[in-house]
Amino acid sequence: MLAAAVPKPAMHVMAAVMLDALGRVLLAQRPAGKHLAGMWEFPGGKLEPGETPMAALTRELREELGITLLRADPLIRVPCHYPERELLLDAWQTDQWEDEPQSLEGQALQWLPPEQVDPSILTPADRWILQALRLPTRYAITPADVRPGQRGLWFERIGQAIERSRQLVQLQLPLWPRELVRELAAGLLPLARRHGSQLLLCGDIEGARRLGIGVQLKGRQLATLSERPLPLSQLVGVSCHDAADLAQAERLAVDFATLSPVAATHSHPQTPPLGWSRFQSLAEAAALPVYAFGGMAPAHVAQARDNSGQGVAGIREFWL
């Protein structure tokens, strides 16, 4: 009997998300002859045995761009599954380096504002890094018990939230007629675009497509879809509860997920919470940015970040 093949350990590859004084991010084009040639990526390279991530990133940027990295912080780790081997793309963010980046290995370089990067020019794994860079740390969701008669009040409250800070806002309004939710989104859209915020409809793919905004897919919609329901220019989030949900979200190539419940909630007291340890293990195994949801408040952002999350999503605590 032949012995079973021993799987190769995942190749650990570092990627640098470099932001200059104008807030632009540096992209490098993969050269001819390489896998995914012609596509763009964040610069970096393979972590060698015995190296720390920071040491590897410093060495790779010196060799590739001729700069001296001074500081960087973890942004997101993206597991990649290829037929020939597993790869872990470990992205760190920095705005501190010495000298001017230049192409030392013949690769084309370009600086672009993150919001102007077309995700379709990036490798699939680098698209999730771009989303982790572009997405805020807070995701506010409207309470489910808001009544249609409170439209004026909530138009004002959502507008104020958008003006206070760049964030995601999901219009979860199950008591409203669908067209009224779409009208609310259309009315808020100019303000959201002016302040760099993103609006998402809850489960309404067609409405999101018409308005050119995002959608948050419900858990039960996951099993009904075989491909991403909106173009790359429109955000797609997914409500997840376990590893299977997150795997399906990856297959659909969505932009981010919420994972819940992290803590106990009043709305679902019978559902056992994941806790931070389980949340971290699931978020680290997922390729896409993951928001902690369920019993969360804005004050939990740092804890979510420390546990491999993009940030926190919440309902009532986000409207106080």
Condition set of a type outside the set (Ser, Thr, Tyr) and surrounded by 13 or more Cβ atoms within 10 Å (Cβ to Cβ), scope segment 265-274, selection farthest from Gln310 (Cα to Cα): answer is His268
Picking from Gln96, Gln102, the residue that is more than 30 Å from Leu246 (Cα to Cα), assigned by TED's automatic domain parsing to the domain that holds Leu61 and in contact with a helix residue (DSSP H, G or I) (Cβ under 7 Å, 6 or more places away or on another chain) would be Gln102
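For every residue, the table says whether it meets (1) under 30 Å from Pro9 (Cβ atoms); (2) assigned to a strand (DSSP E or B); (3) of a type outside the set (Phe, Trp, Tyr); (4) in contact with a Ser or Thr (Cβ under 9 Å, 6 or more places away or on another chain).
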position	(1), (2), (3), (4)
Asp90	yes, yes, yes, no
Thr94	yes, yes, yes, no
Pro101	no, no, yes, no
Leu104	yes, no, yes, no
Gln110	no, yes, yes, no
Ile129	yes, no, yes, no
Exactly one of Arg134, Arg85 is of a type outside the set (S, T, N, Q) and crowded, with 17+ Cβ neighbours inside 10 Å, and that residue is Arg134
Of a type in the set (D, E, K, R), under 17 Å from Arg316 (Cα atoms) and surrounded by fewer than 13 Cβ atoms within 10 Å (Cβ to Cβ): does that describe Asp145?
yes
Every listed condition ((1) farther than 19 Å from Arg30 by Cα; (2) modelled with pLDDT under 95; (3) among the aliphatic types (A, V, I, L, M)) holds for Ala125 save (1)
Going through segment 36-68 in order, the residues found to be more than 16 Å from Ala91 (Cα to Cα), part of a loop (DSSP other than H, G, I, E, B) and either touching an Asp or Glu at 6+ places or on another chain (Cβ under 9 Å) or outside the structural domain of Gln110 (by TED's automatic domain parsing) (or both) are Met39, Gly66, Ile67
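The values are calculated or read from the model by the stated rules, or taken from the named source; none is laboratory data. Treat the numbers as computed from the prediction; the structure is a model and nothing was measured. Cβ sites come from the backbone with ideal geometry, for glycine too, and all protein chains shown count toward neighbours.
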